[in-house]
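Structure first, commentary second.
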Amino acid sequence: MNRPLRPEPAAERPVERDVVVAWDLPTRLFHWTLVGLVVSAWGSVQYAEALGDPLLKWHRWNGIALLALLLWRLLWGVAGSSTARFAGFVRSPMAAAAYLGDLVRGRSRPFLGHNPLGAYMVLALLAAVGASGLLGLFTVEHNDITAGPLYRLLDEETVKLASRVHRLLFYWVLLPLVAMHVAANIFYGIVKREPLIPAMITGAKPARSYADAAEAIIARSPVLRALFLLAVSASIVLGSIKALGGRLP
C-alpha cells in the first residue's frame, strides 16, 4: 500500500515573494536629490530677493552640486547595480520605437528597470540638466552683478549667449521634459498599473514576469561604493573649476 505523500518541509519549499528588488538605495537617493536640486535651482533665482540672496550664491552652489551629482550618475551607470547601469537599460532607437508601437497597441511588457522608451527620457533629462549646469559656469545672471565661476574664460558676447541659452534650456527644454516624465509616470501608475513612483521610493516592485530581468543585481557594498564615487565626482568638478582659474561662490 502506498504511503501518503508527506508535505515538503517548510525549509525546503520554494519561497514565493510578493515583491522583488528593482532599485538600489544610491540610485533612489540620486533621483530624489536631483528633483530637489532642480526645484532649488528654479526657486533660488525666482525668489532670490525674498530669500535674502541677491548675489545668487545659493543658486551657484546649487549648479555646482548638480554637476557633481550628474558626474556621479555617469560613474554609477558603469559601476552601480544592474538596473542603474546604462548598458543594462539603454537600447537601440529601433527597440524604443518597437516598444512605443507595442505600448500604443496595448501589448507592451513591463520592465523591472527603465523600459526602452523611458531610457531615452532619462538620457534627455540628464543631458538637459548637464548642459544647463555647464552653461551656468559661464553665465552672467539677470542682475548683472552675479556671474558663474568661469565666465572670464569667454568674451562678452559669448557670455551673453551662454547666459541666454542657459535660461532657455531650463525653461523651454528641462521643465517640459520634467513635465513629460511626471505625466508618463502617472500614466503608468494609473493605466498600466505599474508602480514606478513607489518603486523609486521603496526600491521594490511586484514580483512578475519582466522583460529585462527578474530582479536587480545589487552592487557589492553599494552605499560605500556610492560615497566613494560621490567624493571623486565632487573633487573632479571643484578641482576643474579651480584649475581653470574659477572662483567658487
Task: Kirkwood estimate for the range 120-224, i.e. one over the average of 1/r between Cα atoms, Å - done: 17.0 Å
Open item on the list: In whole percent, and with a 1.4 Å probe on the protein chains, what portion of the accessible area of the range 142-190 is carbon and sulfur?
Closed with: 69 percent
TODO: Quick one: which residues, 5 or more positions from Ala147 or on another chain, have an amide H under 5 Å from its amide H? H modelled 1.01 Å from N in the peptide plane, none for Pro or chain starts.
DONE: Glu141
- [ ] Pull up the cross-link candidates among the lysines for Lys160, meaning alpha carbon to alpha carbon under 21 Å and not fewer than 8 places away within one chain.
- [x] Lys57
- [ ] Please give the calculated 222 nm ellipticity per residue for the chain, where each DSSP H segment of at least 4 residues contributes -39500 (n - 2.57) and the sum is spread over every residue; nearest 500 deg cm²/dmol?
- [x] -18500 deg cm²/dmol
Open item on the list: Please identify the DSSP H helices in the chain that span no less than 24 Å along the helix axis (Cα) and have a mean Kyte-Doolittle hydropathy of 1.0 or more.
Closed with: 116-136, 222-243
- [ ] At 1.4 Å probe size, with every protein chain present, just tell me what the per residue accessible area of the range 34-80 comes to in Å².
- [x] 46 Å²
Open item on the list: Once ligands and nucleic acids are excluded and a 1.4 Å probe is used, how much of Lys242 is accessible, expressed in Å² to the nearest 10?
Closed with: 120 Å²
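The values are calculated or read from the model by the stated rules, or taken from the named source; none is laboratory data. Every value quoted in this text rests on a predicted model; they were computed, and no experiment measured them. All accessible areas refer to the heavy atoms of the entire protein, side chains included, with ligands and DNA or RNA removed. Shrake-Rupley method; radii C 1.70, N 1.55, O 1.52, S 1.80 Å.
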